[in-house]
Amino acid sequence: MTTLPQSTDKKLGLVIDLDTCVGCHACVISCKGWNTENYGAPLADEDAYGANPVGSFLNRVHSYEVQPDDGAAQLIHFPKSCLHCEDAPCVTVCPTGASYKRVEDGIVLVNESDCIGCGLCAWACPYGAREMDPVEKVMKKCTLCVDRIYNENLPEVDRVPSCVRTCPAGARHFGDLGDPNSDVSQLVADRGGVDLMPEQGTKPVNKYLPPRPKDALPEFDVLAPFLEPVIKEPKGFLDWLDKALEKI
Amino acid sequence: MPKDQPVIDLSPKVSDEVRKTTCYMCACRCGINVHLKGGKVAYIEGNRDHPVNQGVLCAKGSAGIMQHNAPSRLKAPLKRVGPRGSGEFEEISWEEAYDIAESWLRPIREDNPEKLAFFTGRDQSQSFTSFWAQGFGTPNYAAHGGFCSVNMAAAGIYTMGGAFWEFGQPDWDHTKLFMLFGVAEDHDSNPIKMGIGKIKGRGARVIGVNPIRSGYNAVADDWVGITPGTDGLFILAMIHCLMKAGKIDLHYLAQYTDAPVLLNSDPKSPEYGLYMRDENGKQLVIDRTTGKLTAFDQPGVKPDLSGTHRAKGITHRPVFHQMADMYLSDDYAPEAVADRCGIPANRIRAIAAELARVAFDEAFELDHAWTDFRGEKHDTMIGRPVSFHAMRGISAHANGFQTCRALHTLQILLGTVEVPGGFRFKPPYPKPATAHPKPHIGMTPGGPLNGPHLGFVHGPEDLALKEDGTPARIDKAFTWDNPMSAHGLMHMVISNAHAGDPYKIDTLFMYMANMSWNSSMNTGGVMEMLTDKDENGDYVIPHIIYSDAYSSEMVAYSDLILPDTTYLERHDCISLLDRPICEADAAADAIRWPVVEPDRNVKGFQSALCDLGARLGLPGFVNDDGSQKYADYADYIVNHERRPGIGPLAGWRMGETGLQDGRGAPNEGQLDQYIKNGGFFVSHIPDGANYYKPWNKAYQGWAVEMGIYDSPQPYLFTMYVEPMRKFQLAAEGHGDRQPPDHLRERIKATMSPLPIWYETDQQGNDGFTVNALTQRPMAMYHSWGSQNAWLRQLHGRNPLYVPTKLMRENGLSDGDWARVSSPHGEITVPVMEMAALNDNTVWTWNAIGKRKGAWALDEDAPEATKGFLLNHLIHELLPPKGDGLRWANSDPITGQAAWFDLKVRLEKVAAPKESRPEYPPIKSPVGKGPENLTWKVGK
């Protein structure tokens, strides 16, 4: 069993905007690229060109259809990666101490040299956010690009997770959710950001911004004044036109 | 830090070097930073300084490392040794490859250049490849626009002198209502996503019109799940509502459009429906100040939308009168169209009202003074914050040209084009159709063609017909079948060449066009045409040369393969002469350069054309002494001048006193300057010149300085396309050049000079009632994605998505299989339910399905066993009408391939082992990919 820190200095995490995520998978692949080349073993792909390709990814986008009681069905794109929970069950379940939560910033990491690939952490995570690497047989998970966000070899503006840097729709935000004045905390407050599955008691650091109401264009009755006809009789349009032209 | 917390390296070295070039995973052309370690590609990210993507990058771009290293890359020139379609090749030297190509091409050129058909697929070097084809002398050249979105491009250019995507964009900084029609998930990849994110961030409304609610439509605030092919009707109904309510921008219409231009209104006149013009050919209007007839562009003129003029016994009425007659008709009332569009009448009204509200009640002004082409000074720029974007969904129907025109007419009526908050052109646009070349077909054996192949026709006199009236081009572009086919008809080339209609060819030469698979209609038929033999046992299409970087399905059907490089190994220019990377506020172009050298015996196709052009002695490719003019494509990019001082790249040209932009002599250091600047060049349009561009003196002056025009080109938007009326007049019997009788009625009916909607040809569709569509996913681009080890894990299968209602009606559940048939053929495929879908439409991802043996995939890869193409259901011809004629399944105006007119029926069947039709494997000329990937180039 591994213990969690009593508290962390910061709570670094992501805020993901489900209102603007178009489901393009840019974050998924950018993450795959950075983390294949960087932290720990490369993210492997088994049977890469074959019948059943299985690779490890630290971030995936799922799509869900939602059928409201009234109105058209909707499609919600839902990117999911480790939520860097305050009460991370994946850490406490780890038999070797390989899984741990950093005191400085709350990032949950796997120390691959101590990981025995038992898979208990993946079983304990209620979000399915951990994946066993198919070749290296160590547990893989989002590092919040810990090797980018403090990386002095990168320009300061690039010291964000690769998924945030690449997101074309600007649907991903990174910051300290432990600081109520941070941009991300403000965004969560303004947009009514939510925890994923709060009932699990994991206290996830990452937050999701819910989609705004859809198909909410007012009914025509409300908008009707904007289409008030100017034509009262058959030849009315040209009469109106003459009068209207006098005014411009 | 607790003592047991591991120490990790928080600042690992990212790379040894960053090289900045341009992505090529799609036509979006984003700037990328390629991180190298030990000379190998380690990581690819977006270039923050780049005008297109500003640092972001999509999944395709980030997966470039897998594209660049794909096992499907061709390794050397190949000569076919087995039968066509077998995939049996032997590797040969470039010398031998050139010898073979020359042995086929030289006699053609000397004898009859039309025997070469040279068509390119998704390349971005059309100004170069067309220059080569022109030098060769064949009239048979085009790129892929005809089977892609020519309707969108041609409708935009004919109507307003510019089109969406490469040539224009919404004013993302000011728009408050953004409406998009028929945009597949992948189109204009990053800019649209960035724009939607930006405008949603400030609470602007997004309305998506699309039968499928995925991608951009999934995040749209309002979704209109329209019946495919009826967008034009929906748009014209909104125009009806807006005109009836007077919610149109009369000042804008009078000043900047042809609404006030007078039309001959005498049905008995041979010039009925043509513009009234002065002796200089300028459109005439009535000046509201003086009441006199005057050319539209005279200083101080206030064109009148209302007055009529009688001259020589003929009444002339303004275009606007005719628009009122047409669109105020109850035929376009929302109630009249609602059922066909599948949109309730009051929803149509509500959306029209919202357009009116935002355009007029939320109008605003930008504090930029400007002077218009008539010399009138304006203190501010009026903005109307409504913008639109559309693409293939409305384009790829046989009524697509008129639908796209209807959309542009809606934009213009609202006064939202080239104004703050609306839709804005990107240089080199605005550029009216009249400023483009016309098609050229003048051949001289052994000599060049007499001008550019493609262009814009302005009447029957511009058609590409031989003296006997038969088509001059193998694809029958610019003929009475489809007079305004500005991009050619690539989808008809193989079919026509096989049928010998209008004539037989000798050599088919193609680049990056997967014609024996996902880039053709009637895929199985095309395979037969490519392998069909004549009575002598020779192939009906005698020679096929093909260039591709990858082992695509088309490779197997070719005789000679010229292996191209990957996008990281090559030079390219994304040129102002072609499809540049401009933004509405800037002219910009870019390069690709070999950030890594090829490790195979391959060569950039354009460099191969420089070699081949020199061997054949093509004008433009040899020096006066007959020696090779351009050593390679890079040499051409730097040193070619299209007109004196105008070359492929606009940045860092040589002036008399030093480097300058736009015009200037070649500069040997130009590519180094581009590389130093991150791979691109940008020149910003000054404030005050960056809106109202077609009419703005400051913009016109800037464009001349940049070399975009040689003189100012102000013009009026043409909601009324006079050339279309000229084709109708011919069909009515006027003029010397007459259409064949079997086309007269169709020309009269479809070529209305004002946008109309008509139902596409439904012959043969009895019993086939369900619309069937395809789109590409955001993370893939056509066939290129499937060989990509990372991307194929996102989209390795493509079920047929079926709406809930049709699932129930056909007793289907997820995982079941259905036989899907059309008047042309049938496929058997897995289905999946989708609720957020028009309830009479099915769809699938395009080009996920693969032929066994292609793309270095295992033969049991899901792409080959479960994947499928809808292409098998779509014929390139309409069902026979019994007249012995071959009627193309294309827009009768532009020849755009009507992919989305497809109608099908479904039937549940027992699950077969694999999707059908099944084709035998082709032998892979590159072998198979490795089993596992653990890709880390650094230590």
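What follows draws every value from the coordinates through simple rules; no lab data is involved. Keep in mind that this is a model prediction, so the values were computed, not measured. Positions of Cβ are backbone-derived with ideal geometry, glycine not excepted, and every protein chain shown enters the neighbour counts.
FRET efficiency for the pair A:LYS203 and B:ALA910, taken as 1/(1 + (r/R0)^6) with r the Cβ-Cβ distance and R0 = 41 Å, rounds to 0.25.
By the count of neighbouring beta-carbon atoms within 10 Å, fewest first, B:ASP901, B:ASP578, A:ASP215 end up ordered A:ASP215, B:ASP578, B:ASP901.
Between B:GLU17 and B:SER627, what FRET efficiency follows from the Cβ-Cβ distance if R0 is 45 Å, with the result rounded to 0.05? For R0 = 45 Å, the calculated efficiency reads 0.80. Above 25 Å lies some portion of the pair distances; for the range B:770-909, what is it as a whole percent of all C-alpha pairs? I get 33 percent for the Cα pairs in the range B:770-909 exceeding 25 Å. Taking other Cβ atoms within 10 Å as a rough exposure proxy, B:ASP123, B:ASP462, B:ASP766 sort from fewest to most as B:ASP766, B:ASP462, B:ASP123. Measure out, as a whole number of angstrom, how far apart the alpha-carbon centroids of the range B:377-453 and the range A:61-84 sit. Using only Cα atoms to place each centre, the spacing works out to 37 Å. Legend: distances between Cα atoms for B:LYS292/B:LYS312; B:LYS292/B:LYS748; B:LYS247/B:LYS302; pairs beyond 27 Å are B:LYS292/B:LYS748. Once both labels are positioned 7 Å from their Cα atoms along Cα-to-Cβ, the gap between B:GLN763 and B:ASP687 label points is 6.1 nm. If a/c stays under 1.5 just call it rounded; otherwise compare a/b with b/c (prolate if a/b is bigger, oblate if not). Do that for the range B:35-145, with a ≥ b ≥ c from the square roots of the Cα gyration tensor eigenvalues. Verdict is oblate for the range B:35-145.
The residue among B:SER265, B:TYR275, B:MET381 whose Cα reaches farthest toward the positive pole of the charge dipole of the range B:230-424, with charges on the beta-carbon of Lys, Arg, Asp and Glu, is B:SER265. Positive-end ranking of B:VAL224, B:HIS487, B:TYR692 along the dipole of the protein assembly as shown, with charges on Cβ about the Cα centre, is headed by B:VAL224.
Between B:TYR919 and B:THR470, the contour length at 0.36 nm per residue exceeds the Cα-Cα span by 157.9 nm.
Exposure proxy shown here: for B:ARG905, B:ARG277, the number of other Cβ atoms within 10 Å sets the order, fewest to most, as B:ARG277, B:ARG905.
The mean number of partner chain beta-carbon atoms within 10 angstrom of a residue's beta-carbon across peptide A:31-43 is 6. Once the Cα atoms are used to define both axes, helix B:150-160 deviates from the longest principal axis of chain B by about 30 degrees. Taking a quarter of the surface of the Cα convex hull of the range A:201-248 gives a mean projected area of 7.6 nm².
Toward the positive end of the charge dipole of the protein assembly as shown, with +1 on the Cβ of Lys and Arg and -1 on the Cβ of Asp and Glu, the farthest Cα among B:SER890, B:ILE412, B:GLN793 is that of B:ILE412. The charge dipole of the range B:354-476, taken about its Cα centre with unit charges on the Cβ of Lys, Arg, Asp and Glu (plus for the first two, minus for the last two), comes to roughly 440 debye. Summed over qualifying helices (DSSP H, 4 residues or more, each -39500 (n - 2.57)) and divided by its residue number, chain B shows a 222 nm mean residue ellipticity of -6500 deg cm²/dmol. Given +1 at the Cβ of Lys and Arg, -1 at the Cβ of Asp and Glu and no other charges, the dipole of chain B around its Cα centre is 1540 debye to the nearest 20.
Taking every Cα-Cα distance in the range A:95-159 and sorting them into 10 Å bins from zero, the calculated P(r) comes out as 20, 46, 26, 8 percent.
Rounded to the nearest 5, the antiparallel percentage of DSSP beta bridges internal to the protein assembly as shown is 70%. Each residue of the range B:464-475 was assigned a 3J(HN,Hα) from its phi angle through the Karplus curve 6.51 cos²θ - 1.76 cosθ + 1.60 (θ = phi - 60°); the sequence is 8, 10, 6, 4, 7, x, 7, x, 7, 9, 5, 8 Hz, with glycine and proline shown as x.
Please label the shape of the range B:263-330 as rounded, prolate or oblate, based on the square roots a ≥ b ≥ c of the eigenvalues of the alpha-carbon gyration tensor (a/c under 1.5 means rounded; beyond that, a/b larger than b/c means prolate, else oblate). Oblate is the answer for the range B:263-330, as a/c is 1.5 or above yet b/c matches or exceeds a/b. Shielding by partners for peptide B:790-800, expressed as the average number of C-beta atoms from other protein chains within 10 Å of each residue's C-beta, is 4. Within the range A:12-209, what is the number of lysine pairs with alpha carbons under 12 Å apart, leaving out pairs fewer than eight places apart on the same chain? Eligible lysine pairs with Cα atoms under 12 Å apart amount to 4. Using Cα positions and a limit of under 13 Å, work out the aspartates and glutamates in reach of B:LYS268, with same-chain residues fewer than 8 apart set aside. Straight-distance partners of B:LYS268: B:GLU732.
Dipole size of the protein assembly as shown about its Cα centre, with +1 on Lys/Arg Cβ and -1 on Asp/Glu Cβ: approximately 680 debye, rounded to the nearest 20. Multiplying each eigenvalue of the alpha-carbon gyration tensor of chain B by 5 and taking the square root yields semi-axes of 41, 33, 32 Å, largest first, rounded to whole angstroms.
Please report how many Lys pairs in the range B:770-909 have alpha carbons closer than 21 angstrom, counting only residues at least 8 apart along the chain or sitting on separate chains. The result is 6.
Annotation: Cα Rg of chain A relative to the compact-globule expectation 2.2 N^0.38 Å equals 1.38. Both radii are taken from the alpha-carbon atoms of the protein assembly as shown; with Rh as the Kirkwood radius, Rg/Rh is 0.96. What the pair-distance distribution of the range B:726-815 shows, using all Cα-Cα distances binned every 5 Å from zero, is 2, 9, 13, 10, 10, 10, 10, 10, 10, 8, 5, 2, 0 percent.
Residue by residue along B:63-69, Cβ atoms of other protein chains within 10 Å of the local Cβ number 3 on average.
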